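Engineer: Below you'll find the structure I mean.
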Amino acid sequence: MQGSGSRAERIADSIKDQVSQLLSFEVKDPAVGLLTVTHVKMTSDMGLAHVYYTIVGDEVERRKTERALDRAAPFVRRRLAEDMNMRRAPDVKFHYDENLERQERVETLLRQIASERAEREASEKAEAPSDDDTR
């Protein structure tokens, strides 16, 4: 089914590529650190592009980048309007993508659980009486 969802996805993909290029090569703010645009979600009316990103760095770096992206949003929107031939370029709102951090936390917890389970099983096996002891 080729509905409005596929059009929104194509526009979102195009915006993702263009925003990545703009942030890498045209936005001159040094506070925009080394970042990756992970995905873009469009609102149903195509009036707002939610741009999700990750960065290399700590919480301080993340906040600096967030403020720099807020400052860069009007420039990015103007450039999108010029480059995309849309009647109305969407507003751009940047969001830090926490999905990767969550995924890493879940994987870490799963590894801890597996390790603790293996230790507990080994401990129980060592403490359990053998068949020879019960006779």
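Engineer: Of all residues in region 84-123, how many are surrounded by 11 or more Cβ atoms within 10 Å (Cβ to Cβ) and over 30 Å from residue 28 (Cβ atoms)?
Structural biologist: 1
Engineer: Residue check, residue 31 against (1) open to solvent by less than 40 Å² (accessible area, probe 1.4 Å); (2) among the aliphatic types (A, V, I, L, M); (3) under 14 Å from residue 92 (Cα atoms), all met but one. Which one?
Structural biologist: (3)
Engineer: Quick check on region 96-123: of everything there that is within 28 Å of the chain's Cα centre (by Cα) and charged (D, E, K, R), which residue is farthest from residue 67 (Cα to Cα)?
Structural biologist: Of the residues in region 96-123, the ones within 28 Å of the chain's Cα centre (by Cα) are 96-114.
This time we only want the ones that are charged (D, E, K, R), so: 97-98, 101-102, 104-105, 107, 111.
Details: 97: 15, 98: 17, 101: 20, 102: 23, 104: 25, 105: 26, 107: 30, 111: 35 Å.
Across region 96-123, the extreme among qualifying residues is 111.
Engineer: Moving on. Would you mind telling me which numbered condition in (1) among the aromatic types (Phe, Trp, Tyr); (2) open to solvent by less than 40 Å² (accessible area, probe 1.4 Å); (3) more than 17 Å from the chain's Cα centre (by Cα) residue 53 fails?
Structural biologist: (3)
Engineer: Name the single residue, out of those in region 63-72 being surrounded by 15 or more Cβ atoms within 10 Å (Cβ to Cβ) and under 18 Å from the mean Cα position of the chain (by Cα), that is nearest to residue 48 (Cα to Cα).
Structural biologist: Looking at residues that are surrounded by 15 or more Cβ atoms within 10 Å (Cβ to Cβ) and under 18 Å from the mean Cα position of the chain (by Cα), I get 69.
Engineer: Looking only at region 93-101, decide whether some residue is of a type in the set (Asp, Glu) and touching a Phe, Trp or Tyr at 6+ places or on another chain (Cβ under 7 Å).
Structural biologist: Yes, because at least one residue in region 93-101 is of a type in the set (Asp, Glu) and touching a Phe, Trp or Tyr at 6+ places or on another chain (Cβ under 7 Å).
Engineer: Continuing with the same structure: Which of the residues belonging to region 48-66 are among the basic types (Lys, Arg) and farther than 29 Å from residue 9 by Cα?
Structural biologist: Selection gives 64 alone.
Engineer: Condition test on residue 59, is it surrounded by 10 or more Cβ atoms within 10 Å (Cβ to Cβ) and under 21 Å from the mean Cα position of the chain (by Cα)?
Structural biologist: When the stated conditions are applied, residue 59 does not pass them.
Engineer: Give the residue, chosen from 126, 81, that is closer than 29 Å to residue 17 by Cα and either surrounded by 10 or more Cβ atoms within 10 Å (Cβ to Cβ) or of a type in the set (A, V, I, L, M) (or both).
Structural biologist: Just a single option satisfies the conditions, and that option is 81.
The values are calculated or read from the model by the stated rules, or taken from the named source; none is laboratory data. In this text the structure is predicted, and so the values were computed from the model without any measurement. In this analysis, Cβ positions are derived from the backbone assuming ideal geometry, glycine residues included, and neighbour counts consider all displayed protein chains. Ligands, DNA and RNA are stripped out before the accessible areas are found, and what is left, the full protein with its side chains, is counted by its heavy atoms. Shrake-Rupley method; radii C 1.70, N 1.55, O 1.52, S 1.80 Å.
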